[in-house]
Amino acid sequence: MARKINVADKLGVNNYHTDETHSHITVNKENDNLQEIDQVVRVCPAALYSVDPSGEVFFEHLGCLECGTCKALSEGKVVKEWHYPEGSKGIQYRFG
Ligand code: SF4
């Protein structure tokens with residue numbers, strides 16, 4: 001019987017050249033709109049956004065798929081600034 005592969009398994013085989021010190025995405029910590037925060041938390045396919053019970057949003061840039069979904073949804077709201085990682089940093093896409 002074939003083993004089922006879940007999302008965490010799939011994300012775990014990605015290759016990254018991580019930039020440990022610089023996040024390519026900046027979160028607007030002054031935005032306290034819980035509906036907008038919840039949308040970003042739910043939309044990120046890598047589950048990099050989280051919110052604590054007080055409504056504070058947290059973001060971890062390592063593991064970003066650079067899909068741009070959070071930018072398209074929330075730039076100027078929860079997402080303060082979004083750009084690709086510098087140089088050859090970030091996710092390494094594979095083809096085939
Ligand atoms: S670009 Fe995609 S993977 Fe990266 S934080 Fe935004 S939604 Fe998540």
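The values are calculated or read from the model by the stated rules, or taken from the named source; none is laboratory data. Computed from a prediction, not measured in an experiment: that's the story for all the values here. Please note: Cβ atoms are built from the backbone with ideal geometry, for glycine as well, and neighbour counts cover all protein chains shown.
Values computed for the structure shown
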read-out	value
Residues of the range 64-80 that turn out to be outside any strand (DSSP E or B), farther than 26 Å from Asn15 by Cα and among the basic types (Lys, Arg), as a count	1
Subset of the range 11-35 [assigned to a helix (DSSP H, G or I) and within 14 Å of the ligand (Cβ to nearest atom)]	Leu11
Residue, modelled with the highest pLDDT, within the range 86-96, restricted to residues that are in contact with a strand residue (DSSP E or B) (Cβ under 8 Å, 6 or more places away or on another chain) and part of a loop (DSSP other than H, G, I, E, B)	Lys89
Leading residue by the ranking (farthest from the ligand (Cβ to nearest atom)) among those in the range 49-64 that are out of contact with any strand residue (DSSP E or B) (no Cβ under 6 Å at 6 or more places or on another chain) and modelled with pLDDT of 95 or more	Glu60
Given (1) within 13 Å of the ligand (Cβ to nearest atom); (2) closer than 25 Å to Arg94 by Cβ, number of the condition Ala8 does not satisfy	(1)
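Every residue, every condition in (1) of a type in the set (Val, Ile, Thr); (2) over 19 Å from Glu20 (Cα atoms); (3) surrounded by fewer than 17 Cβ atoms within 10 Å (Cβ to Cβ), yes or no:
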| position | (1), (2), (3) |
| --- | --- |
| Asp38 | no, yes, yes |
| Cys44 | no, yes, no |
| Ser54 | no, yes, yes |
| Lys89 | no, no, yes |
